[in-house]
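Working notes, structure below.
The values are calculated or read from the model by the stated rules, or taken from the named source; none is laboratory data. From a predicted model like this one, the values you see are computed outputs, not experimental measurements. Neighbour counts run over all protein chains shown; Cβ positions are idealised from the backbone, glycine included.
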Amino acid sequence: MGWQELVDGLVKRFRPGSTYLTREKLVSWKHVQPPRNWAVVIIRGGLALLVLLAVLYVTQWRQRIAAPTLQRDVAAKLHAGSARCADRTGNGSTWNCLVGAPPAARCVVVDVTVTGRWSLRKHPHGCRYP
């Protein structure tokens, strides 16, 4: 299939003095060849699809932080009495928060990472609290 020559060439180019697995005969290249059975292809495709869906769920569809937690943390960081936040994207990655009492309240945009850590945007253009 040409895999062995390609990988060997890349390893020789970037690490010329490395002891490579084929030189020591630890891995046979026959394990890299595609399967000859359609059942194996379907099972591998299904597993790849499950992994893709799991990655999409973690990065896009899962709520990243709860509104009460974010409201409490934003109010504490900005030394305000209260904060009200509304999810802007539906998955919790971007929030509009109204901070402070109504006459002097200001709107801030909060970005939330996949792990739940958040940061304020420096320039909150288009911030509107519903």
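What to note about this one:
- Subset of the stretch 80-130 (residues that are under 13 Å from ARG64 (Cβ atoms) and among the aromatic types (Phe, Trp, Tyr)): TRP95, TRP118
- Residue match in the stretch 121-129 (condition: of a type outside the set (D, E, K, R), in contact with a strand residue (DSSP E or B) (Cβ under 9 Å, 6 or more places away or on another chain) and touching a residue at least 40 places away in the same chain (Cβ under 8 Å)): yes
- Within the stretch 89-104, the residues that satisfy the criterion of being within 15 Å of ALA76 (Cα to Cα), of a type in the set (A, V, I, L, M) and out of contact with any helix residue (DSSP H, G or I) (no Cβ under 7 Å at 6 or more places or on another chain) are LEU98, ALA101.
- Flag if CYS107 is surrounded by 18 or more Cβ atoms within 10 Å (Cβ to Cβ), outside the structural domain of LEU56 (by TED's automatic domain parsing) and among the hydrophobic types (A, V, I, L, M, F, W, C): no
- Scanning the stretch 72-86 for residues that are among the small types (Gly, Ala, Ser) and touching a residue at least 24 places away in the same chain (Cβ under 8 Å) yields ALA75, ALA86.
- Residue in the stretch 3-38 that is modelled with the highest pLDDT, counting only those that are part of a helix (DSSP H, G or I) and surrounded by fewer than 10 Cβ atoms within 10 Å (Cβ to Cβ): TRP38
- Inside the stretch 92-130, residues that are of a type in the set (Phe, Trp, Tyr) and modelled with pLDDT of 85 or more make up a count of 2.
- The listed residues are THR69, THR113, THR89, and the only one of them that is touching a residue at least 12 places away in the same chain (Cβ under 8 Å) and either surrounded by 10 or more Cβ atoms within 10 Å (Cβ to Cβ) or in contact with a strand residue (DSSP E or B) (Cβ under 6 Å, 6 or more places away or on another chain) (or both) turns out to be THR113.
- Residue in the stretch 108-123 that is under 17 Å from ARG72 (Cβ atoms) and of a type in the set (Ser, Thr, Tyr) present: yes
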